Amino acid sequence: MRHLFRAFGVILKTEINVMLQYRGEIVLWSVWGLVNPLVLYAIFKAGAQSNADGKMAGLTVPQIAAYYFMIMIVGHVVAAWDTHDMGFYIRTGRMSGMLLKPMLPLWKSLAGNLAYKICTLVFVGPMWILVVFLIHPQFDCKPWQVALGLVALVMAFALNYCLTYVIALVAFWTTKLDAVGELYFGLSMFIGGRFYPLDALPHWLRIFADCLPFQYMAYFPAELFTGHMTDPALIVRAFVTQAAWIVGALISFRIFWSAAVKHYSAVSG
Amino acid sequence: MSLFVKVSVLNVAAYRFDMLIRIFVSLMHLVADLLGVYVIFSNTKAVANWRVEHMVILVGVFRIVAGGIRIIIQHAAAL
Amino acid sequence: MPQIQVDHLSKTFKVTEREGGVRAAMRSLIRRKYKSVAAVDRVSFSVEQGEIVGFLGPNGAGKTTTLKMLSGLLHPTSGEARVLGHIPWKREPQYLRRISMLMGQRSQMQWDLPVMDSFYVHGAIYDLPKDQYQSTLDELIELLDIKSILKKQVRTLSLGERMKCEIAVSLLHRPSVLFLDEPTIGVDITMQTRIRKFIGEYNRKHGATIILTSHYMADVTALCRRIIVIDHGHILFDGQLDDLSEKLAPFKVIKIDLDRDISNYDFASLGEVLLREGRKVEIRVPKGSAPAAAERILSDLPIQDLTIEDPPIEHVIAKAFGGGAAGVPGATESTSEPVVEEVAK
């Protein structure tokens, strides 16, 4: 275990060094993460201002600002893109080099993910502060909600990362997986609360969203941080469901990884 | 131009599963856009004086332009 | 006990096949044609510790597929293998730490970073003790002469420089078994010689077992006493390189440089005339009759120069490939036992 931590630390430092070779790319990715929430905030704000009570889906404009601000941060923290990378590694033969090493390729991928977040923080941090001054979010949260929000955020990242990686393993069979990645991303945006607060969804769509794990990757932590989720029973149930999805993803990984490696055909020489 | 389109089609058709999902995703994008308009307008009557019919037209134009960019420019750039 | 033991190892791939063009592409969306390709078909061999074995075959023969199964990258369709007492495709970390596979066309280094960083990461992944890592690294830097490029980014290296670094990275953890898949591909002649020398030196110093595939016969002749010839997934020959040459090409080639033009001499009575251009003549004669033929040439003809050579090894190998199993005496023929029909999807 100690060896794994040491090796992971070295790989993480290396991935940070690699990221820093492409500073322009870091800036562009940082900006990309802001655009979507800001546009949706603008739409919801305009919608709220058109309503007599000045609210949209039960939220005032400052509350809408708080929600999308948190979605901006949560989206950055939980981001994972292995559904796109895995197919590339397999098609180009790079996966062979990774499989020859006495360490799961997952660790390199995780290190790359964390490296991205660490490197972009330097740019997105000031941008987030600027956004606060621009949109004036109103937070109704208490310290205990912030603390639980942090826990939910870490678990949201774990959940998104594990699920993304499990789905990415399909590339061992299909070789190309870009469209599946887009499908996953689209679902996580729409019924995960990254487009709209889930309270804005019609009832039938909300039932569909409740059956899937996406809301625990964005909506749940955002609601805690904004102070909109206050019912303890609801919070406990959400944590339990989130944890259950993580455990399910980890078990799925163990099962599918063995099958994937067995099926690997080492294309591209 | 026709060569780019042909090669793009061949590249996409080489991965059957990915292509099927891609078709489904394209349809899902359209449904999601319209559902999105529905979600917004089930919570308000107008967004900065844009009504639901204006939004639907905007979504349609966006999809057509985005599709054109994807078919012609994006795949040509990938080559 | 052999360090590598392979028993009836097979690997069959299911590949798609279609015509070119958009119409065929559309047709294949609905009905896809598959073909089973037996890349490796019931190969068996063993390798003792410290041996360097040349694994030869034409393109698509099954060399790389065999190496990939032995390194744990591929699961076989059937058969067994043990390397260092481990089943390779179980991919146990203890096994992966003791082997290395160098694939000539594939880089295992950090493309965007200096060479030294790749070494450092490799040392961390393999959990090398600091002093062992440093002493091995120093040794490799000296043997491969790469001190001047340690600070260069990998993507800026020339192919030869990169190959040397790839070899260094592959050997940093002092593997006991090396699978070298075309290690000198695309590299200039000077660098090829250097790499060959290094591999030989590494084998002598550390007793590493090496299986080497290469299309350059100079690699094989310089390093390998034993060769395994494979074609269409079958082993055609497994033995000493000299024996193959003796069996397939028991000839000598006599090259003659005449002092003046001779038009009326019956060179065909000496042997098979390979070349007759002006004053240059080449004749192929059976090995046993080479001395007598040479004596006759020297007494009958005005000679400026005469050499007697073995046929080029490339011709010997090409003959082995061209003849298939029938081209090689004692080659392993397919048995009538049925191939296991598990087909990789």
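Here are the numbers for the structure shown:
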{"item": "Residues (free of Cβ contacts under 8 Å to residues at least 12 places away in the same chain and either outside the structural domain of residue C:64 (by TED's automatic domain parsing) or surrounded by 15 or more Cβ atoms within 10 Å (Cβ to Cβ) (or both)) located in segment C:27-52", "result": "C:27"}
{"item": "Search result, residues across segment A:78-93 that are in a helix (DSSP H, G or I) and surrounded by fewer than 17 Cβ atoms within 10 Å (Cβ to Cβ)", "result": "A:88, A:91, A:92"}
{"item": "Segment B:5-20 residues that are within 8 Å of chain A (Cβ to nearest Cβ), paired with ones that are among the acidic types (Asp, Glu) (beta carbon under 8 Å, 6 or more apart)", "result": "B:18/A:178"}
{"item": "Any pair with Cβ under 6 angstrom, 6 or more apart, that starts in segment A:34-56 at a residue that is over 17 Å from residue A:127 (Cα atoms) and away from chain B (no Cβ under 12 Å) and ends at one that is in a helix (DSSP H, G or I) and charged (D, E, K, R)", "result": "none"}
{"item": "Members of segment B:21-54 that are under 29 Å from residue A:177 (Cβ atoms) and more than 8 Å from every other protein chain (Cβ to nearest Cβ)", "result": "B:23, B:26, B:27, B:30, B:31, B:33, B:34"}
{"item": "Test: residue in segment C:240-253 that is without any contact (Cβ under 8 Å) to a residue 40 or more places away in the chain, touching a strand residue (DSSP E or B) at 6+ places or on another chain (Cβ under 9 Å) and either crowded, with 17+ Cβ neighbours inside 10 Å or assigned to a strand (DSSP E or B) (or both)", "result": "yes"}
{"item": "Selection count, segment B:54-73, where residues are under 13 Å from residue B:12 (Cα atoms) and either modelled with pLDDT of 85 or more or surrounded by fewer than 13 Cβ atoms within 10 Å (Cβ to Cβ) (or both)", "result": "1"}
{"item": "Which numbered condition residue C:256 misses (of (1) surrounded by fewer than 22 Cβ atoms within 10 Å (Cβ to Cβ); (2) in contact (Cβ under 8 Å) with a residue 24 or more places away in the chain; (3) not assigned by TED's automatic domain parsing to the domain that holds residue C:62)", "result": "(1)"}
{"item": "Residue in segment C:58-68 that is within 11 Å of chain A (Cβ to nearest Cβ), within 21 Å of residue C:8 (Cα to Cα), buried (at least 16 other Cβ atoms within 10 Å of the Cβ) and hydroxyl-bearing (Ser, Thr, Tyr) present", "result": "yes"}
{"item": "Pick from segment C:111-146, criterion touching a strand residue (DSSP E or B) at 6+ places or on another chain (Cβ under 9 Å) and assigned to a loop (DSSP other than H, G, I, E, B), ranking: surrounded by the fewest Cβ atoms within 10 Å (Cβ to Cβ)", "result": "C:111"}
{"item": "Residues satisfying the stated conditions in segment C:19-65, i.e. assigned to a strand (DSSP E or B) and of a type in the set (S, T, N, Q)", "result": "C:36, C:44, C:46"}
{"item": "Hey, residue A:205 modelled with pLDDT under 90 and surrounded by 19 or more Cβ atoms within 10 Å (Cβ to Cβ) or not", "result": "no"}
{"item": "Residue check for residue C:14: at pLDDT 85 or above and either within 20 Å of residue C:175 (Cβ to Cβ) or surrounded by 14 or more Cβ atoms within 10 Å (Cβ to Cβ) (or both)", "result": "no"}
{"item": "Selection count, segment C:58-92, where residues are out of contact with any Phe, Trp or Tyr (no Cβ under 7 Å at 6 or more places or on another chain) and at positive phi", "result": "5"}
{"item": "Boolean, residue C:314 is at pLDDT 50 or above, under 27 Å from residue C:217 (Cα atoms), in a helix (DSSP H, G or I) and of a type in the set (Asp, Glu)", "result": "yes"}
{"item": "Subset of segment A:103-117 [assigned to a helix (DSSP H, G or I) and either in contact (Cβ under 8 Å) with a residue 24 or more places away in the chain or buried (at least 21 other Cβ atoms within 10 Å of the Cβ) (or both)]", "result": "A:106, A:107, A:108, A:109, A:110, A:111, A:112, A:113, A:114, A:115, A:116, A:117"}
{"item": "Residue list for segment C:85-97, restricted to those being surrounded by 17 or more Cβ atoms within 10 Å (Cβ to Cβ) and either touching a helix residue (DSSP H, G or I) at 6+ places or on another chain (Cβ under 6 Å) or more than 9 Å from chain A (Cβ to nearest Cβ) (or both)", "result": "C:86, C:88"}
{"item": "Count of residues meeting criterion [within 13 Å of chain B (Cβ to nearest Cβ) and either surrounded by fewer than 24 Cβ atoms within 10 Å (Cβ to Cβ) or touching a His at 6+ places or on another chain (Cβ under 9 Å) (or both)] in segment A:61-70", "result": "1"}
{"item": "Residue, farthest from residue A:65 (Cα to Cα), within segment A:181-208, restricted to residues that are over 16 Å from the mean Cα position of the chain (by Cα) and among the aliphatic types (A, V, I, L, M)", "result": "A:207"}
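The values are calculated or read from the model by the stated rules, or taken from the named source; none is laboratory data. Note that the structure is predicted; figures quoted are calculated from it, not measured. Cβ: placed from backbone, ideal geometry, glycine included. Neighbour counts: every protein chain shown.
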